[in-house]
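A short worksheet on the structure shown next.
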Amino acid sequence: MALLQRPEGRRLHPVTPWRRAWAPMAALFAFAAQDPERARQGVESLTAGRLLAVLALLLPAAAAYGFLSWWMTSYTVTETELRIRTGLLFRRVAHIRLDRLQAIDVGRPLLARVVGVAKLKLDVVGTDKKDELAFLGERDAVALRAELLARAAGMAPEAAAEVGEAPARELVRVGTRMLVVSLLLLGSVWGSLAAALAVPLLIWWASGSLWPALAVAVPLLSGVWRSGVGRFLTEFDWVVAESPDGIRLDHGLLDRAHATVPPGRVQAVRIVEPWLWRRRGWVRVELDVAAGGNEGGLLLPVATRETARGVLARVLPGLDPAEAAASLVPVPRRARWVVPLWWRGYRHGVTQTVFASRKGLLCRTLSLVPHAKVQSVRLTQGPWERAFKLADVHVDHGANGTVAARLRAVEEARAVVAAQAGRSRTGRRRARPERWLT
Amino acid sequence: MSQLTGGSSGGEAGRAGHAGEAGRPEDAGRWRGVERGLLRMRRTLLTAVSVPLVAVLGPVLWLAAGPWWAVLAAAPAAVALWGWGAIARNWASWRYSERDDDLLIERGVVWRGLTVVPYGRMQLVEVTSGPLERHFGLARVQLHTAAATTDAHIPGLAPEEAERLRERLTELGEARSAGL
C-alpha cells in the first residue's frame, strides 16, 4: 500500500508508540472539560458493558494511531543535514542543516529512564520549536549526538559515524548543599511562599468559606513548588564539562538532561547576583544561544565568582567578567529625574572582548555581549530623556535579545554607538569558523 | 547617481542644516533623505481620514445634541492640523547614510532613534511597495539581521533608489558576510 509505505532511514525506538497512545485519551478529557454537564450525564449512564465496549473501541484505535505514526517516522543523516520524516496523512520532512546547529540536548525523563530510552532535541537557527527525536535507545541517542556534532564540526563523513563520544573534562559540579542554601536565600522563593500562605488566609477570613481560599491556594502553592522544589529537582547535581564538542551540561534529579553547546554558539552571557547572595560572592550564570537554547539558558545555577570566571573563560575565550565589572561606569546624576531610585543600578562599560551593561539595585544583572556577536547597534531617545540630554544604547545579538546601556549622556551614547560598530567589525574578523574543526 | 536622487533633491536642500549637525562631521555630506512623496502620501492619508470625520461628526452632534456640542468636532480638526506639521517634521527627520562598513538610519523627532547595521550582518534585504506606495512612486527597504530586534527599515524611497540600495547592500553583505 503506497499510502503506508515505510519511509527510508533509521527509525525510532519501538517504545515510542506508547507515548502516542495518550493522544486519544487527552482528546476525551478535553471534550469532557469543555462540556462538563454532558460528560457527567455520560458517566452516569455508563454501565460495565458500555464501558468495555468503549474501551474495546478506543484502545485498538489508540494503539493503531501510535503504531502508524511510529511506522511513518524516520530520520537520516546526510553529509550536510539531518532529515526527519513524520506525518501519517500530511507528510512532513524537516531538513536540519548541521552547520547551523546551535545545541543538542539528550533528555531522559523519569519514565524514559526506567525503560532505557532518551530523546534528542536539536536547536537550529531558523526553526521555531525544537525539533526532537523521541524516543531513541539511550546508546543510540548518545551515538547519534556524537555523530551529528562530528559532522557539524566538519569531520569527514566516513569518520564521523564512528568517532563516538568525545572525551569530556569536568569543570564544575555544583554541590547539593550550596544549591539548597542558594535557593533558600532567594527572595522570590520566600515571597511566593508568603503569598501562598497569606492570600488564602485573607480570603478565608474575608469570605468565611473554605472553598474559594482553597481554589486560590492551589495555583499559588504550585508556583512555590515550581520556584523552589521544581528548581531544586532540575538543578540538582549540575555538572559543567568541557569537550572538543563544546560545553556539556548534565543535571536533574528525576529527569536527567544532558545538553551540549558547540563552541562559538554563545551570543550573550548574563551574570545574575541576587541581593542575599552577594555577601557570599555567589552568582548565577545564564547563556543566550541562538534558537532558544537549553532550559532557559542556564550555565551555572550557583557558583562563586571565581568559579564562574573560570568557566566563562572556557565558554568564551578571552572573556573576563572581573575585567568587565571593573570597566563599568555609573550614569550621570541627572538620570535620577528619568528613573528615580533605580538609576543607580544602571552601569555600562566596554572591554577588549565584550560590551557590558549592568542593571538592577537588589538583584544585579550584568549582561555581556562579545563584540563579534553584535548584529546591530541602536541609539534611542525619548522626549523625557532628551530634556535631560540622556540616551539609551541598545546592542542586538543573534539570540533574539537586546542588551541596553540605559541613561548615558547623549554625547557619550553617540560615541559608544560609533565605536561599537567599529569594534564589532574587527571582533568578527577574529571570530572562529562556523565548522570548528576545519 | 544624480538622476536617481534627483527626485528628492528639493527635500535634501531643505535639510542641509539638519544634516550638518550629524555626530561625525566626515559623514555629514553622505546623509540622504527620503522622497517627498512619503510626505504627500502621509498627508493624503491624514486628510482622507480627518476631513470626513469632521464633516460627519460636526452636523451629527449639532442635530443630536445642539450647536454647542458641535464644537467638539473641532478636536479632531485640531489634531489633524497638528498632525499636518508633525508629519513634515517626522519626514524631515528620516535619513540614512551608507558608510564603508555599515548602514546608518536615523529617524524620529519626539522619540529619536539611530540604527547601525554592519553590512556583514545582513541576512536579507527586502524591498516592498504596496498599492498606495506605488501610486506615490515609493518603495520601502527592510533589512533583516539574525536578531529579530533589529529595527532597520527605510520608508519612502524612489523605486530605483530602493533597487540600487538593495543591490549594493546585498553585494556588500556577501563580500563581508560573517556567521552568527
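What follows draws every value from the coordinates through simple rules; no lab data is involved. Predicted model, so just to flag it, every value in this text is computed and none were measured. Cβ: placed from backbone, ideal geometry, glycine included. Neighbour counts: every protein chain shown.
Treating r as the C-beta distance of B:R89 and B:V127 and R0 as 22 Å, the FRET efficiency rounds to 0.25.
Sequence-ordered 3J(HN,Hα) estimates for region B:154-159 from the Karplus curve with 6.51, -1.76 and 1.60 and θ = phi - 60° stand at 10, x, x, 9, 5, x Hz, glycine and proline given as x.
Simple spin-label estimate for B:A55 and B:R134 gives 2.7 nm between the two label positions (7 Å along the Cα-to-Cβ direction from each Cα). Taking every residue in B:96-102 and counting other chain Cβ atoms within 10 Å of its Cβ, the average works out to 2.
Each principal axis of the Cα cloud of the protein assembly as shown was taken in turn, and the coordinate range along them, longest first, works out to 81, 70, 64 Å. Counting only other chain Cβ atoms within 10 Å of each residue's Cβ, the peptide B:65-76 averages 0. A Förster distance of 60 Å, applied to the separation of the beta-carbon atoms of A:R10 and A:R333, puts the FRET efficiency at 0.40.
Amide H contacts of A:Q102 (H built 1.01 Å from N, in plane; Pro and chain starts excluded): A:D123, A:V124, A:V125 sit under 5 Å, all sequence-distant by 5 or more or on other chains. For region A:263-429, what does the alpha-carbon gyration tensor say about shape, rounded, prolate or oblate, given a ≥ b ≥ c as the root eigenvalues, a/c under 1.5 as rounded, and a/b over b/c as prolate? Here region A:263-429 falls in the oblate category. Counted residue by residue at 0.36 nm each, then reduced by the alpha carbon distance between them, the extension gain from A:A322 to A:R279 reaches 13.8 nm.
Between A:L361 and A:L202, residue separation times 0.36 nm minus the direct Cα-Cα distance comes to 54.1 nm.
Largest GNM mean-square fluctuation among A:L312, A:L110, A:L89, using chain A with Cα springs under 10 Å: A:L89. As a rough footprinting exposure proxy, the listed residues A:R177, A:R145, B:R40 were ranked by other beta carbons within 10 Å of their own, and the order from fewest upward is A:R177, B:R40, A:R145. Distance between the pseudo-spin-label points of A:E170 and A:V218 (7 Å out from Cα toward the beta carbon): 4.2 nm.
By the combined test of axial Cα extent (at least 27 Å) and Kyte-Doolittle hydropathy (mean at least -1.0), the qualifying DSSP H helices of chain A come to A:48-71, A:187-207, A:410-429. The number of Lys pairs in chain A with C-alpha atoms less than 17 Å apart, excluding pairs fewer than 8 positions apart on the same chain, is 4.
Between the beta carbons of B:L45 and A:T426, assuming R0 = 56 Å, the FRET efficiency works out to 0.80 to the nearest 0.05.
With a 10 Å cut-off around each Cβ of A:391-399, the average count of Cβ atoms from other chains is 5. For A:E306 and A:W18, the difference between the fully extended length at 0.36 nm per residue and the C-alpha to C-alpha distance is 99.0 nm. Dividing the helix sum by the residues of chain A, where each DSSP H run of 4 or more adds -39500 (n - 2.57), gives a mean residue ellipticity at 222 nm of -12000 deg cm²/dmol. Per-residue packing, averaged as other Cβ atoms within 10 Å, sorts the ranges A:415-421, B:168-174 into the order A:415-421, B:168-174, beginning with the highest.
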